[in-house]
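Okay, structure first, notes after.
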Amino acid sequence: MPLYVVRHAKAGSRSTWTEDDRTRPLVEEGWEQARALAKRIAPLSPSALLASPFLRCIQTLEPLGEMCGLSVKIETRIEEDSPLEKSLAALEDAPDNAVLCSHGDVIPDAINGLLRRGMEIDGPHALKKAATFVLHRENGVFVRAQYWAPPSE
């Protein structure tokens, strides 16, 4: 069973946000992306929803949670600026078919770490907002990944 690692949907501008960056919310386009992600992933029967504690990550998974009857749980090991060892441990500990939502610095770092461990990847390594990496593991080892571009409604 795979894991789905999602970059958060579009949030407001970091440079114009004057409050704690952890509270920066999705903008309307981001909510549209989150709803489209929910439509894409809900039929795959996710087992758990794990998000960075940053509001934009939690909000990205909320529509999926509503569709699947799951609550979004906080996973601090995938928050922004998380060290590679912590983010990899979060991926290793995640249950099969879980959806994790993190950031544009954490996800590429984790993917590159898994590639160095021998994982293969189909498709680009780009990571646009609301894009997803589908990670496949066998016997506890991540062996293959696919890249899904951001969904459109």
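Details
- Amide H to amide H, with H built 1.01 Å from N, A51 comes under 5 Å of K73, I74, E75, C101, counting only residues 5 or more places away or on other chains.
- Computed helical MRE - 222 nm, the chain, DSSP H runs ≥ 4 contributing -39500 (n - 2.57), nearest 500: -10000 deg cm²/dmol
- Remark on the chain: C68 stand apart, with no other cysteine beta carbon under 4.7 Å.
- Label corresponding to volume of the Cα convex hull per residue in Å³ when calculated from the structure given, among [x] 109; [y] 100; [z] 138: [y]
- Residue ranges 96-105, 55-64 sort as 55-64, 96-105 when ordered by packing (mean number of other C-beta atoms within 10 Å per residue, highest first).
- Against the chain, whose longest principal axis comes from its Cα atoms, helix 28-41 is set at around 30 degrees.
- Once the Cα atoms are used to define both axes, helix 84-93 deviates from the longest principal axis of the chain by about 80 degrees.
- Calculated on the Cα set of segment 62-123, radius of gyration then Dmax: 12.7, 36 Å.
- Degrees separating the helix 55-68 axis from the principal Cα axis of the chain, which is the longest one: 70
- Segment 31-54 and segment 64-122: distance between their alpha carbon centers, rounded to Å: 13
- Taking a ≥ b ≥ c as the square roots of the Cα gyration tensor eigenvalues, segment 97-153 comes out prolate, since a/c reaches at least 1.5 and a/b is larger than b/c.
Rule-based calculations on the coordinates, nothing more; no lab input. Fair warning: this is a prediction, and the values are worked out from it, not measured in the lab. Quick reminder, even Gly has a Cβ in these numbers, built from the backbone with ideal geometry, and neighbours come from all protein chains shown.
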